[in-house]
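Peer 1: Got a structure here, written out as structure tokens. Questions coming.
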Amino acid sequence: MEDLSSLIDWSRAQFAMTAIYHWLFVPLTLGLAVIVGVMETIYYRTGSRKWLAITKFWMTLFGINFAMGVATGIILEFEFGTNWSNYSWFVGDIFGAPLAIEGILAFFLESTFVVVMFFGWNKVSRGFHLASTWITGIGATLSAAWILIANAWMQNPTGVSFDPAQMRNVMTDFWAVVLNPVAIHKFIHAVANGWVLGAVFVISVSCWLLLKKRNHEFAVRSFKVATWVGSAGILVTLWSGDGSAVDVARYQPMKLAAMEGIYDGQNRQGFTVVGILDPKVKPGVGGNVDPFLFRIEVPAVLSYLCSRDIDAFVPGINDILSGRRADRNGEEYRVPSVSDRIVSGKIAHKALRDFDRAQAAGNSDAMHAASDVINSRYHDFGYGYLSSPLEAVPPVGLTFYSFHIMVIFGGYLLLFFIMAWLMVYWRPQWLQIRWLQLAGIATVFVAWICSESGWVTAEVGRQPWLIEGVLPRQAAISYVSSGSVALTFTLFALLFTLLLAAEVSIMVNVIRKKSTTEAYAKLSD
């Protein structure tokens, strides 16, 4: 058991590390693709050689980041087979379909046209080149869409049924998987987040140019395009984030409780703006103990955000464990507790073993009886792997703090783009203020932390589940030695760190060399 625990921890650490590195590149790729597309569209419409130079500059940075994202993404997909083979077997028919479509359609689309995008200047018409640039960006976005559909299915499994004869899940409704409401909001949220990060990156580099007094016109033009794209991105991010909150409340109430540090729920539940959790408060201990050492709360907001009803009851961790709920008037009622669901899940497991024995004996009546039990209790199937109700509780501290870092930094980014509008359209003299230039440069790190925090919230908050309520991590693992996973973790950590260092070094070189040239200033429109 100790070795299994070590194996699970190392496998989770390796996958988390790979995903975190990969997510450094993905949103920047999505954002720069749109920004470069807009810039080239301006060049196409105006014929301005200055806009052509601007487009080529940012396209170069896009290409560097695109290559790094592909390298880490391929490794991430392989880890499903190497580290989580039981998961791949159990739901491969469903999870594999979006990934296959992503590889066949979206990735080939972007990889084909990215060649024209980079090497087609003066070889194809301006219109075809522009189309290639936009198709590359669309391909990258479609790649993200199919991957996020697969991830959203893990958060809210729909469109499937369990086949006891194969002892695995099979897809019954492809469109239910694709149009999963969690997938729709997750896709919009992730793509808009990419626009924000890409825009902040462009503004950050532009502020560095302004600080160094290099190519002022180049910097201001880039700043303006990024402000438009980033402003659209932050507004869409806020809207889709609201939709995602409703999804989490509906399909993953335990995650929501951890995100807000709620142990004992109530009607008219407030939203914690900022707070410090009391580490002594643990799940499963009732008594309405205040879990916060410090908190600033907006009353009743969380109830409204989750259900559009200010009087709604929002369950806490202890309520979910015990099966306690209340209607909008505060009248309590019961639903199955986690303990009840563990018992139900173990009954489903026994029925699966009975089915296997009946199938071996050729007893069709016993097979049908066992299958009926499995189907009636399949929504509790994953709970049968748990030995204690407390195993169903995610890491509260990490989920809470990552969520609130995302919210606080997201609010800062909204103010950042409001300030960007003021600087480029109403107070252009502010572009020369040194502390604002430094703030613009530093904000790129805020955007990256905000983006990574959102991903940590989504993935850590659904623990212990790989598939919500259906498959916990201990049942999804590949049974290999923990030492081999620790070794590959170390190798991947070194490889990804070298890749990141190489990207930063190459980008810094490109920015320094191409921004110091006098060629841009000599160009005429």
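The values are calculated or read from the model by the stated rules, or taken from the named source; none is laboratory data. All values reported here derive from a predicted model rather than from experimental measurement. Because the Cβ atoms are built from the backbone with ideal geometry, glycine has one as well, and the counts that use them run over all protein chains shown. Side chains included, ligands, DNA and RNA excluded: accessible areas come from the protein's heavy atoms. Shrake-Rupley method; radii C 1.70, N 1.55, O 1.52, S 1.80 Å.
Peer 1: Got a sec? Which of Thr136, Thr141 is among the polar types (S, T, N, Q), open to solvent by 10 Å² or more (accessible area, probe 1.4 Å) and not in a loop (DSSP other than H, G, I, E, B)? Even if it seems obvious, please write down each step before you answer.
Peer 2: Details: Thr136 fails: open to solvent by 10 Å² or more (accessible area, probe 1.4 Å).
Thr141 is the lone residue from the list that is among the polar types (S, T, N, Q), open to solvent by 10 Å² or more (accessible area, probe 1.4 Å) and not in a loop (DSSP other than H, G, I, E, B).
Peer 1: Looking at the stretch 270-315, which of its residues are in contact with a strand residue (DSSP E or B) (Cβ under 8 Å, 6 or more places away or on another chain) and either part of a loop (DSSP other than H, G, I, E, B) or among the charged types (D, E, K, R) (or both)?
Peer 2: Gly270, Asp278, Pro291, Arg295, Glu297, Asp311, Ala312, Pro315 - these are the residues of the stretch 270-315 that are in contact with a strand residue (DSSP E or B) (Cβ under 8 Å, 6 or more places away or on another chain) and either part of a loop (DSSP other than H, G, I, E, B) or among the charged types (D, E, K, R) (or both).
Peer 1: Scan the stretch 308-323 and give yes if some residue there is over 28 Å from Ser240 (Cβ atoms) and in contact (Cβ under 8 Å) with a residue 60 or more places away in the chain, otherwise no. Walk me through it before giving the result.
Peer 2: Of all residues in the stretch 308-323, those over 28 Å from Ser240 (Cβ atoms) come to 318, 321-323.
Checking which are in contact (Cβ under 8 Å) with a residue 60 or more places away in the chain leaves us with 321.
Taking every residue of the stretch 308-323 in turn, at least one turns out to be over 28 Å from Ser240 (Cβ atoms) and in contact (Cβ under 8 Å) with a residue 60 or more places away in the chain.
Peer 1: Return yes or no: is Val115 out of contact with any His (no Cβ under 7 Å at 6 or more places or on another chain), surrounded by fewer than 18 Cβ atoms within 10 Å (Cβ to Cβ), at pLDDT below 90 and under 27 Å from Trp51 (Cα atoms)?
Peer 2: yes
Peer 1: Now a separate question. So if I check each of Gly330, Gly345, which one is of a type in the set (Gly, Ala, Ser) and not in a helix (DSSP H, G or I)?
Peer 2: None of the other options fit; the residue is Gly330.
Peer 1: Still on this structure, please answer the following. Report, by residue number, each residue of the stretch 155-183 that is open to solvent by 10 Å² or more (accessible area, probe 1.4 Å) and part of a helix (DSSP H, G or I).
Peer 2: Listed by number, the residues that qualify are Phe174, Trp175, Ala176, Val178, Pro181, Val182.
Peer 1: State whether one or more residues within the stretch 354-363 are in contact with a Gly (Cβ under 6 Å, 6 or more places away or on another chain) and not charged (D, E, K, R).
Peer 2: If we filter the stretch 354-363 for residues that are in contact with a Gly (Cβ under 6 Å, 6 or more places away or on another chain), which is where we start, we get none.
Checking the stretch 354-363: not a single residue is in contact with a Gly (Cβ under 6 Å, 6 or more places away or on another chain) and not charged (D, E, K, R).
Peer 1: Could you list, in sequence order, all residues of the stretch 397-415 that are crowded, with 23+ Cβ neighbours inside 10 Å and either at pLDDT below 95 or among the aromatic types (Phe, Trp, Tyr) (or both)?
Peer 2: Result: Phe400, Phe403.
Peer 1: Oh, and also: On the given criteria, is Glu110 surrounded by 17 or more Cβ atoms within 10 Å (Cβ to Cβ), over 30 Å from Arg473 (Cβ atoms) and among the acidic types (Asp, Glu)?
Peer 2: Answer is yes for this residue.
Peer 1: Give just the number: which of (1) open to solvent by 40 Å² or more (accessible area, probe 1.4 Å); (2) touching a helix residue (DSSP H, G or I) at 6+ places or on another chain (Cβ under 8 Å); (3) closer than 27 Å to Val178 by Cβ does Ala100 not satisfy?
Peer 2: For Ala100, the failing item is (2).
Peer 1: Against the conditions (1) of a type in the set (A, V, I, L, M, F, W, C); (2) open to solvent by less than 10 Å² (accessible area, probe 1.4 Å); (3) at pLDDT below 95, where does Trp426 fall short? Just the number, please.
Peer 2: Against the list (1) of a type in the set (A, V, I, L, M, F, W, C); (2) open to solvent by less than 10 Å² (accessible area, probe 1.4 Å); (3) at pLDDT below 95, Trp426 comes up short only on (2).
Peer 1: Of Ser240, Ser204, Ser244, which residue is among the hydroxyl-bearing types (Ser, Thr, Tyr), under 30 Å from Ala53 (Cα atoms) and assigned to a helix (DSSP H, G or I)?
Peer 2: Ser204
Peer 1: For the stretch 368-392, give me each residue that is without any contact (Cβ under 8 Å) to a residue 24 or more places away in the chain and of a type outside the set (Gly, Ala, Ser).
Peer 2: Those that are without any contact (Cβ under 8 Å) to a residue 24 or more places away in the chain and of a type outside the set (Gly, Ala, Ser): His368, Asp372.
Peer 1: Pick from Gly37, Gly31: which is modelled with pLDDT of 90 or more, over 18 Å from the mean Cα position of the chain (by Cα) and open to solvent by less than 30 Å² (accessible area, probe 1.4 Å)?
Peer 2: Sole residue among the options that is modelled with pLDDT of 90 or more, over 18 Å from the mean Cα position of the chain (by Cα) and open to solvent by less than 30 Å² (accessible area, probe 1.4 Å): Gly37.
Peer 1: Under 6 Å between Cβ atoms, at least 6 apart or on separate chains: pull out the pairs that start in the stretch 253-265 with a residue that is farther than 16 Å from Ala326 by Cβ and end on any residue that is assigned to a helix (DSSP H, G or I).
Peer 2: Listed by first residue and then by second, the contacts come to Met254/Ile320; Lys255/Val248; Ala258/Val396; Ala258/Thr399; Met259/Thr399; Met259/Phe403; Gly261/Phe400.
Peer 1: Search the stretch 334-348 for residues that are charged (D, E, K, R) and pair each with any residue that is surrounded by 16 or more Cβ atoms within 10 Å (Cβ to Cβ) and not in a strand (DSSP E or B) when their beta-carbon atoms are under 7 Å apart and the residues are at least 6 apart or on different chains.
Peer 2: Arg334/Gly323; Asp340/Gly323; Arg341/Asp380; Arg341/Tyr383; Lys346/Gly384
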